[in-house]
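The values are calculated or read from the model by the stated rules, or taken from the named source; none is laboratory data. What you are looking at is a predicted structure, and each value in this text was computed from that prediction instead of being measured. Using ideal geometry, Cβ is built from the backbone for each residue, glycine included, and neighbour counts are taken over all protein chains shown. Side chains included, ligands, DNA and RNA excluded: accessible areas come from the protein's heavy atoms. Shrake-Rupley method; radii C 1.70, N 1.55, O 1.52, S 1.80 Å.
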Amino acid sequence: MPSLKDLRNRIASVKATQKITKAMQMVAAAKLRRAQSSAEAARPYAERMGVVLSNLAGSMAPGTGPGLMTGTGQDTTHLLVVCTAERGLCGGFNTSIVRLAREHAAQLLAQGKKVKIICVGKKGYDQLKRTYESHIIELIDLRAVKNLAFANADPIGRKIVALFHEGEFDVCTLFFSRFKSVIAQFPTAMRLIPADVTTAVAAKAPEGSHGATAAAASVNYDFEPDESEILADLLPRNISVQVFRALLENAASEQGARMSAMDSATRNAGEMIKKQTTKYNRSRQAMITKELIEIISGAEAL
């Protein structure tokens, strides 16, 4: 049975830990607001970029266009870009992304494909290197970056495009966590190369205006310069945009997961303090009672 001094030390240690987890929760809550607003602001641009690419791709003959849109025509080498956090203490945020990437890699390897991995974030690298160290070709460290900007994502996008033009891979997939709320983040796999574009749906018209919708769907656009030249310029930019969006979604998801994890840790520390305090009081009362019994017994013996 621990002594009273051990119990006091244990209670003091848990209280100190509780102060740290509470502070981390408050910091994560403050950072979450900024990260969430940045992620939500980036979504319309990235989605609109996809619509533009879909319109351009839909106006071209099937199988034609730049290589970033059509691919190499093969499916032998896959590049997995796994975006995770640089720090831990955020619950299962990093593990869920790595699990999705690991399952995808295992499925590809089982099919006889060749897999290459680029890790954006140290935590993902630490987990993937245990089983796929030989497949990791680069680690991109963003620990020194305090506020994410497009300048941080553009070199990653350019690196992916350069590797594709060098013939290093045929298909590229981006892994990140899509932010929905503080308690809901969804690991996501997005194909970057070949670009996942489909024919765009006509713009939504007001209810009852079926004629307007049909007219909008039948509109033909003339592009200057032609579609291939526009796509050749937009597709590399779209890769950087999607990487930037993934980093922003990850930043918001990380702070949301950390906020939830630190809140749970703070509540668990409070419950542990209550249990240890109760145990300390009972032990102290037992010792007092024992000493009183010894004093009374000694007095009666005299």
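One residue stands out among those in segment 253-288 that are free of Cβ contacts under 8 Å to residues at least 24 places away in the same chain and charged (D, E, K, R): the one that is most open to solvent (accessible area, probe 1.4 Å), which is 282. The requirement of being open to solvent by 60 Å² or more (accessible area, probe 1.4 Å), part of a helix (DSSP H, G or I) and touching a residue at least 60 places away in the same chain (Cβ under 8 Å) is fulfilled somewhere in segment 6-13, by at least one residue. Among the residues making up segment 135-183, a single one is open to solvent by 40 Å² or more (accessible area, probe 1.4 Å), over 27 Å from residue 30 (Cα atoms) and in contact with a helix residue (DSSP H, G or I) (Cβ under 6 Å, 6 or more places away or on another chain): 139. Quick check on residue 279: is it basic (Lys, Arg), out of contact with any helix residue (DSSP H, G or I) (no Cβ under 9 Å at 6 or more places or on another chain) and assigned to a helix (DSSP H, G or I)? Considered against the rule, which asks whether it is basic (Lys, Arg), out of contact with any helix residue (DSSP H, G or I) (no Cβ under 9 Å at 6 or more places or on another chain) and assigned to a helix (DSSP H, G or I), residue 279 comes out as no. Going through (1) touching a strand residue (DSSP E or B) at 6+ places or on another chain (Cβ under 7 Å); (2) more than 26 Å from residue 234 (Cα to Cα); (3) in contact (Cβ under 8 Å) with a residue 60 or more places away in the chain one by one, residue 85 falls short only on (1). Is there a residue being more than 17 Å from the chain's Cα centre (by Cα) and within 25 Å of residue 262 (Cβ to Cβ) anywhere in segment 30-45? There is at least one residue in segment 30-45 that is more than 17 Å from the chain's Cα centre (by Cα) and within 25 Å of residue 262 (Cβ to Cβ). Taking the numbered list (1) without any contact (Cβ under 8 Å) to a residue 60 or more places away in the chain; (2) surrounded by 19 or more Cβ atoms within 10 Å (Cβ to Cβ) in turn, residue 109 passes all entries but (2). Within segment 236-252, does at least one residue satisfy the condition of being basic (Lys, Arg), more than 37 Å from the chain's Cα centre (by Cα), at pLDDT below 95 and open to solvent by 60 Å² or more (accessible area, probe 1.4 Å)? No, segment 236-252 contains no residue that is basic (Lys, Arg), more than 37 Å from the chain's Cα centre (by Cα), at pLDDT below 95 and open to solvent by 60 Å² or more (accessible area, probe 1.4 Å). Cβ-Cβ contacts under 8 Å between residues 6 or more apart (or on different chains), taken from a first residue in segment 14-40 that is polar (S, T, N, Q) to a second residue that is part of a helix (DSSP H, G or I) and surrounded by fewer than 16 Cβ atoms within 10 Å (Cβ to Cβ), are listed as 18/270. Which helices (runs of 4 or more DSSP H) sit wholly inside segment 86-202 and have at least 3 residues that are of a type in the set (A, V, I, L, M)? Fully inside segment 86-202 and qualifying: 93-110, 150-165.
The residues of segment 55-67 that are open to solvent by less than 60 Å² (accessible area, probe 1.4 Å) and assigned to a helix (DSSP H, G or I), listed by number, are 56, 57, 58, 67. In segment 68-99, how many residues are closer than 29 Å to residue 23 by Cα and either open to solvent by 30 Å² or more (accessible area, probe 1.4 Å) or touching a Lys or Arg at 6+ places or on another chain (Cβ under 7 Å) (or both)? Adding up the residues that qualify gives 11.
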